[in-house]
Every structure is written in structure tokens, then in C-alpha cells.
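This report concerns only the one structure given below.
Every number in this text was worked out from the coordinates using simple rules, so none of it is lab data. For clarity, every value in this text was computed on a predicted model and none was experimentally measured. No Cβ is skipped: glycine too gets one built from the backbone with ideal geometry, and neighbour counts run over all protein chains shown.
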Amino acid sequence: MTQKVRHLLGISGGKDSAALAIYLKNNYPELNIEYYFSDTGKELDETLALIGRLETYLGKEIVRLSGVDNPNFNPFDYFLQVQGNYMPSVQNRWCTQKLKLEPFEKHVGDDQTISYVGIRGDEDREGYISTKTNIQSIFPFRRNIWSLEILHRFFDNSNMQEHLLLYKGLADSKTFSGVKDILKLPKDNKFTLSKKFNSLLDVSATTFNKVMFQYLKDKNYPISNIEEYPLLNHEDNLNRDDIFRLLKESGVGVPEYYNKIEFEVDGQKGEYARSRSGCFFCFFQQKIEWIWLYEQHPDKFKAAMEYEKDDFTWIQGESLQDLIKPERIKQIKEMTIKKQISSANNKKSEFLIHNLVDAENIVCGNCFI
């Protein structure tokens, strides 16, 4: 019996998820997408402002999720107490689990769900893949919209004969002629998974999607319950510049924390900004971003300082109190200026995120949930 399938898109407050919502509304309006935002209770005002603008553009509510049922409790502070005041870290990211993943999975429940993830075509990562069998991830910014788990299953060498039959039934003669020899080659250490599916996409991404869709019909995935799926004709492969273009052209705009701000040290000028959405004290942010927070949001920086104690600092080996000593701020800014001078991209980019070490690739759940 065919089950109803929900289509969900998590809005993190960052550029990629916002752009994905715009992209899907513009290109696939027939999809009845539900939007949600998992509130950590420690967001920047700029994040909440972006969500408000996006909600207006979409003409649809972005449902606020929280890991805490009682609205009088701040989600982060509540779970900090539950964790025995043990702060999150790279080794123990309970913040992602409790504030992002669990509210999302509770919101989904047991419903068959396709989750749309804003990982771009110029990124080599998967992001969050739910272990729940009723949740399936789709990646509309990539030419390959399918998850790695599905690709591994499809391209098992034992399926090679089935691949030929599926393509023969779904492809036109020109496309089938172009893929036949590729399909007959087994996947191995030389002809890797990536090489094989990219070779097929080069011939026709649309045909590959139709073949995959048919292959999954008798498998236990949410998409197995769908009769028609508009993304089968998807051929796009969007990069970072495309994301900024979508945001600007829509009028939603970029999150304001991406806008570069000029600073000066001994006559030399540099720029800083923030590279990610999520908690304002995220331990993945760079030191220059902490300085940005200190100078642009001193109240938030002070709040972050209050969490530090003898056995915990947000930055390994350095307290925020030490970080904001004048000589240390000067040193960090000087290092930032040197990096920016040596960066050829600095002259080409409107947004400083292009020149920062790409903090997006140091992933936390906020990037895509």
C-alpha cells in the first residue's frame, strides 16, 4: 500500500538552506514542502531576521522546532543542565544531537519523509543522513541528487545486468548507446563508484535519475511510495556563486553576518565577518570570528564568556578573556590581514566568506538541519 510522503527542508539561518528553499519554490512549485527551523536558543539576531524575510518570500510558515517542550526554558541551557554542565565539544557534540537532530526526527515521527539538503555541487561531503529508514535525503544543488548510501546499493556489481535492462527500457537509443559500455564495466579500484556514476551523468543525468527512480520502486525508501517526482529532470549543479545570486535576486538577501566589515591595524586594512549560522558561540568558528563577535555583538560575546570555567574554554588552550587582550586582538587581525593579502580571491569576492578558511567544510548539524 502506497504511503503518503512528506517533503521537509530544514532552514538553518545560513545561506545554503535559504537558497535551497528559494530554488525549490522557483523550480519545483508542485512540491508541497514543509519548512522548519530548529532553534538552539543561542542564535544571532541576523539569523532570525533572515528566517523572517525568507518566510515572507515563501509565503509559508517556517515551523519553529525546539528540543524543549516548555517555552520558558532556553533549549541550550536546559540540555547543558541535563548533561551535568558538561559543555559540548568536537568530541562530544551533544548540542547537535539534542538541539538539531532529535527535534527534527521527533517532528518527522514515523512518516515517510524526503529531506532536502542544501549541500552544493562544489562541496565534497554528504552532511547529515538519518539512520531512520523512513527518512531519505535528496540533494537538489548537486547534479547527483542521490545519497552515497543509495549509490553504493545501486552500483553493486551484482546489479549490472539489471542496470542494462533498466536503461534499455527507459533510455532513448542514443543515450543507451552512450551508456552501454559504461554499464558493462564492473566497479573496482580503478573504475571507482565516483567515476562510474559521473560517467553516466555525463551522458544524461535525467535518464540516470529515471533509472534510479525505477530501481528504487520495490525498495524500502520514502521515494518508493511516489508515483511521479519532478526532480527526475534535474540537471543543475550549483556552486557558491549561484547561492549568493539566488539570495540577492530573490530579495531575501544574504544573512547580514556574511557582510564584510573593515578594520585597521597600524595603517593596514583588513576585513572580517562570520562564516556560519548556528549558535553564536559555536566552537567551530575561527579566532577572527570570535573577534568579530566581540566587536560587533559584545553582549553575545559576554554571554559566551560566562560559560567558560577552569576546565573549559571555547577555544582549545585559550580563554576568551585572553583572546580579547589588546595585543592578542592586534595579533589575530594582523594574521588575518596577511592571509587576505595573499589570497587572490580577495579582489574577486563581494563576501568575505570566500576568503576565510572554508568553515563550512568543518561541519556541524547547523549547516543542513
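Starting at the first residue of the range 238-253, write each ³J(HN,Hα) from the Karplus equation 6.51 cos²θ - 1.76 cosθ + 1.60 with θ = phi - 60°, in whole Hz, x for Gly and Pro.
Taking θ as phi minus 60°, the curve returns 8, 10, 4, 4, 4, 5, 4, 5, 4, 5, 5, 5, 6, x, 5, x Hz for the range 238-253.
Can you put Leu58, Leu99 in order, fewest other beta carbons within 10 Å first?
Ranking Leu58, Leu99 by Cβ neighbours within 10 Å, fewest first, gives Leu58, Leu99.
Give me the Debye-computed log₁₀ of I(q)/I(0) at q = 0.11, 0.12 Å⁻¹ for the chain, equal point scatterers on Cα only, no solvent, two decimals.
-0.85, -0.97
Could you give the nm distance between label points at Val90 and Asp218, where each point is 7 Å from its Cα heading toward the beta carbon?
4.7 nm
Taking amide hydrogens as modeled 1.01 Å from N in the peptide plane, which residues meet the under 5 Å criterion relative to Ser137, leaving out close sequence neighbours?
Here Ser115 satisfy the definition.
Structure shown: which of Lys269/Lys333; Lys15/Lys42; Lys15/Lys338; Lys98/Lys287; Lys196/Lys217 lie over 20 Å apart, alpha-carbon to alpha-carbon? Don't skip to the end; give the middle numbers.
On the way: Lys269/Lys333 9 Å; Lys15/Lys42 18 Å; Lys15/Lys338 27 Å; Lys98/Lys287 26 Å; Lys196/Lys217 22 Å.
Correct reply: Lys15/Lys338; Lys98/Lys287; Lys196/Lys217.
Please arrange Ile341, Ile138 by how many other C-beta atoms lie within 10 Å of their C-beta, fewest to most.
Numbers: Ile341 10, Ile138 20.
Taking fewest neighbouring Cβ atoms as first place, the list is Ile341, Ile138.
Among Ala18, Phe281, Leu166, whose Cα projects farthest towards the positive end of the dipole of the chain, with charges put on the beta-carbon of Lys, Arg (+1) and Asp, Glu (-1)?
So the residue furthest toward the plus end is Leu166.
Just the number, please: percent antiparallel of the DSSP beta bridges in the chain, rounded to the nearest 5. Intermediate results must be reported in sequence, preceding the final value.
Values: 7 of 24 bridges.
Within the chain, antiparallel bridges account for around 30 percent of the total.
On a 21 Å Cα-Cα criterion, which of the cross-link pairs Lys106/Lys210; Lys302/Lys325; Lys132/Lys195; Lys180/Lys210 come out too long? All intermediate terms of the calculation are to be shown ahead of the outcome.
Numbers: Lys106/Lys210 32 Å; Lys302/Lys325 14 Å; Lys132/Lys195 29 Å; Lys180/Lys210 16 Å.
Pairs exceeding 21 Å: Lys106/Lys210; Lys132/Lys195.
Can you report the principal axis dimensions of the range 159-222 using only the alpha carbons, biggest first, rounded to whole angstrom?
For the range 159-222, the Cα extents along the three principal axes come out at 32, 27, 19 Å.
Under 5 Å between amide H atoms, partner at least 5 residues away or on a different chain: which partners does Glu34 have, H built in plane at 1.01 Å?
Here His7, Leu8, Leu9 satisfy the definition.
Mind pulling the per residue volume of the convex hull built on the Cα atoms of the range 172-320? Å³ is fine.
281 Å³
Which is the longest stretch in the chain that no exposed loop site breaks, taking sites as trypsin sites (Lys or Arg not before Pro) with a DSSP loop state and at most 10 other Cβ atoms within 10 Å?
5-189
For Glu271, which sequence-distant residues (separation of 5 or more, or a different chain) have an amide H within less than 5 Å of its own amide H, given hydrogens modelled in the peptide plane?
Those lying under 5 Å, H to H, from Glu271 are Phe263.
Please give, to one decimal in nm, the separation of the simple spin-label points placed at Leu193 and Thr133, each 7 Å out from Cα toward the Cβ.
A separation of 2.0 nm, rounded to one decimal place.
So if each residue of separation counts as 0.36 nm, and I subtract the Cα-Cα distance between Asp111 and Lys168, what length gain in nm does that give?
Taking 0.36 nm per residue and subtracting the Cα distance, the gain is 17.1 nm.
Using just the C-alpha positions of the range 15-161 as equal point scatterers, what log10 of I(q)/I(0) does the Debye formula give at each q in 0.09, 0.11 1/Å?
-0.35, -0.52
R0 = 41 Å: FRET efficiency of Leu151 with Asp45, Cβ-based, nearest 0.05? Could the numbers behind the result be given before it?
On the way: r = 40 Å, r/R0 = 0.98.
For Leu151 and Asp45, the calculated efficiency is 0.55.
For the residues Tyr307, Tyr167, what sequence is obtained by ranking on other C-beta atoms within 10 Å, fewest first?
On the way: Tyr307 17, Tyr167 24.
By the 10 Å Cβ count, ascending, the order reads Tyr307, Tyr167.
With springs only between Cα atoms under 10 Å apart, run a GNM on the chain and tell me which of Tyr272, Tyr36, Tyr229 wobbles the most.
Evaluated over the chain, the most mobile residue of the options is Tyr229.
Give the separation of the Cα centroids, the range 190-255 to the range 1-75, in Å.
Rounded to whole Å, the Cα centres lie 21 Å apart.
Provide the gained length on full extension for the span Lys330 to Gln161, in nm with one decimal, where the gain is 0.36 nm per separating residue minus the Cα-Cα distance. Kindly include the intermediate steps, with their values, before the conclusion.
Working: separation 169, 0.36 × 169 = 60.84 nm, distance 6.42 nm.
Using 0.36 nm per residue and subtracting the Cα-Cα distance, I get 54.4 nm.
Only four residue types carry charge here, +1 at the Cβ of Lys and Arg and -1 at the Cβ of Asp and Glu. Report the dipole size of the chain about the Cα centre in Debye, rounded to the nearest 20. Please report the intermediate quantities before stating the final value.
Values: 48 positive and 53 negative charges, 203 e Å.
Dipole of the chain, to the nearest 20 debye: 980 debye.
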